[in-house]
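The values are calculated or read from the model by the stated rules, or taken from the named source; none is laboratory data. Small disclaimer: the values here were computed from a predicted structure and weren't measured. Cβ sites come from the backbone with ideal geometry, for glycine too, and all protein chains shown count toward neighbours.
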Amino acid sequence: MNYFDYKDDHLKSEDIFITNITKEVHTPFYCYSAKGLKTNFNILKDAFKDIDTKICYATKSNSNLSILKLLQEEGAGADVVSVGELKKSLIANIDPKNIVFSGVGKTKDEIEYAIVNRIFQINAESISELYVINKIAKELGVVQQVGIRINPDIIGETHKNISTGGLSDKFGIPYSEVKSLYHDKESFKNIELSGIAFHIGSQIHDIEPFRNVFIKTNDLIKEINKSEKIIKTIDLGGGFGVDYEDNHREFPIQEYANLVKNSFDTKNFQFIIEPGRSISWNTGILVTKILYIKKHGEKKFIITDCGMNDLMRPALYDSYHKILPLSKTIDSEIISTDIVGPICESTDKLFSSEEFYDVKEGEFLAILNSGAYGSSMSSNYNARPLVSEILINEDNFTTIRKLQSFEDSIAQEIK
Ligand SMILES: Cc1ncc(COP(=O)(O)O)c(C=O)c1O
């Protein structure tokens, strides 16, 4: 699905030509399509409509408050990994009953905040964390619902930096250790240990690793629930792969939902999914201006006003983002071209190809598919401000994050 496409040679989303935004907003800026976010969310909602499922959007992929609010209005809950994401989700009116809290290093303050705000489930990732949650819940005089994130020792085929399901990854509690924890009611009186969770990584295209983890988890649940129904909630995580390379590799979401139905006794459990990237990825672009063009012998450099601090994925994961001029030029040039940012790092390279459009200095480019892990991973590196974010909704566009002022960026520093 393309939410940004050419119309009469100009890139458009919904009813807005992106060039018109550049007349009012300083580049670089992120730009999102409300329709895209709603459509992607509803595709998942539809696939899971016959299963009792909470769709907890992984806020780490893009936690802009307007985006959280828009998804909340469509029925989304939230998967958060810090108290900051939890607070943002609550501000966006996401019902605490639809919030799960994951992450290997939750602090006591974060756990306390989550319990006081009555969130649905905390996913514990170590035995020590279980004891801490139990202690805090006891001090608060409540019983908190908790899930154990298991480490199934199953590796999804993906970039090594976004694989999370193997024993050499820091995530979860090893599969072999969790059974006794569910039966240890004596140690965990202030925990209702009724959830099981896993997340084997991000950007997984193949259904097979999911099948394997479902089989393994289902066997474990059967053993644990043998004499008493202890586990009631199964959190399947996120990680549905998306097609950055335009290779017709759409994740088979309906096949995945059917696999859930065939793998578990769905009538007897409540499910959680934690999709992030598959909701936000192609609903956002990063718009940038070409500052300079230069050649080093046979190599051409297009230098833009956005860099790795604005979009970290290419530098961090070598990831590919398609780049298009806002106004299409028919000509392309066969020449080795790097599109690079202004940051003083050689890894500040956004794109590399043997051919690119014959663009000119002063023109604008759109870095496609930047809605997920774009803005949310950006930083102030090189003392650069966080850029503005724009949301298109039909024939309207609004600023949903202002360009950070220099004063705001240094406000917490002491001279
Ligand atoms: C626990 C957890 N859930 C969900 C996600 C979202 O993954 P994705 O954006 O690939 O759907 C992540 C991301 O790594 C995660 O760590």
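Descriptive notes on the structure:
- Residues of segment 357-376 that are modelled with pLDDT under 95 and in a strand (DSSP E or B): Tyr357 alone.
- Neighbours by Cβ (under 6 Å, 6+ apart or cross-chain): first from segment 1-16, over 17 Å from Thr398 (Cβ atoms); second part of a loop (DSSP other than H, G, I, E, B) and modelled with pLDDT under 95: Tyr6/Lys328; Asp9/Lys328
- When we screen Ile330, Ile414 for residues that are without any contact (Cβ under 8 Å) to a residue 12 or more places away in the chain, assigned to a loop (DSSP other than H, G, I, E, B), more than 16 Å from the ligand (Cβ to nearest atom) and under 26 Å from Asp15 (Cα atoms), the only hit is Ile330.
- Subset of segment 269-285 that is of a type in the set (A, V, I, L, M, F, W, C) and within 13 Å of the ligand (Cβ to nearest atom) - its residue that is farthest from Lys222 (Cα to Cα): Trp281
- For the criterion of being touching a strand residue (DSSP E or B) at 6+ places or on another chain (Cβ under 9 Å), at pLDDT 75 or above and within 11 Å of the ligand (Cβ to nearest atom), Asp184 fails.
- Subset tally (residues that are touching a strand residue (DSSP E or B) at 6+ places or on another chain (Cβ under 7 Å), away from the ligand (no atom under 14 Å from the Cβ) and touching a residue at least 60 places away in the same chain (Cβ under 8 Å)) for segment 34-47: 1
- From the list Asn369, Asn382, the one residue that fits, being touching a helix residue (DSSP H, G or I) at 6+ places or on another chain (Cβ under 6 Å), touching a residue at least 40 places away in the same chain (Cβ under 8 Å) and not charged (D, E, K, R), is Asn369.
- Yes/no for Ile293 being buried (at least 19 other Cβ atoms within 10 Å of the Cβ) and touching a strand residue (DSSP E or B) at 6+ places or on another chain (Cβ under 7 Å): no
Residue by residue, here is whether (1) surrounded by fewer than 16 Cβ atoms within 10 Å (Cβ to Cβ); (2) assigned to a helix (DSSP H, G or I); (3) under 27 Å from the mean Cα position of the chain (by Cα); (4) touching a residue at least 24 places away in the same chain (Cβ under 8 Å) holds:
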residue	(1), (2), (3), (4)
Tyr182	no, yes, no, yes
Phe188	no, no, no, yes
Ile196	no, no, yes, yes
Pro209	no, yes, yes, yes
Ile221	no, yes, no, yes
Lys226	yes, no, no, no
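- Of all residues in segment 345-366, those satisfying the criterion of being within 15 Å of Leu316 (Cα to Cα) and touching a residue at least 24 places away in the same chain (Cβ under 8 Å) are Glu345, Thr347, Asp348, Lys349, Leu350, Phe351.
- Residue that is nearest to the ligand (Cβ to nearest atom), among those in segment 333-347 that are surrounded by fewer than 23 Cβ atoms within 10 Å (Cβ to Cβ) and farther than 14 Å from Lys295 by Cα: Thr347
- Whenever a residue of segment 126-149 is assigned by TED's automatic domain parsing to the domain that holds Asn98 and on the phi < 0 side of the Ramachandran plot, its partners that are away from the ligand (no atom under 16 Å from the Cβ) and aromatic (Phe, Trp, Tyr), lying with C-beta atoms within less than 7 angstrom and at least six residues away or across chains, give the pairs Leu130/Phe188; Asn134/Phe188.
- Count of residues meeting criterion [aliphatic (A, V, I, L, M) and within 16 Å of the ligand (Cβ to nearest atom)] in segment 357-375: 1
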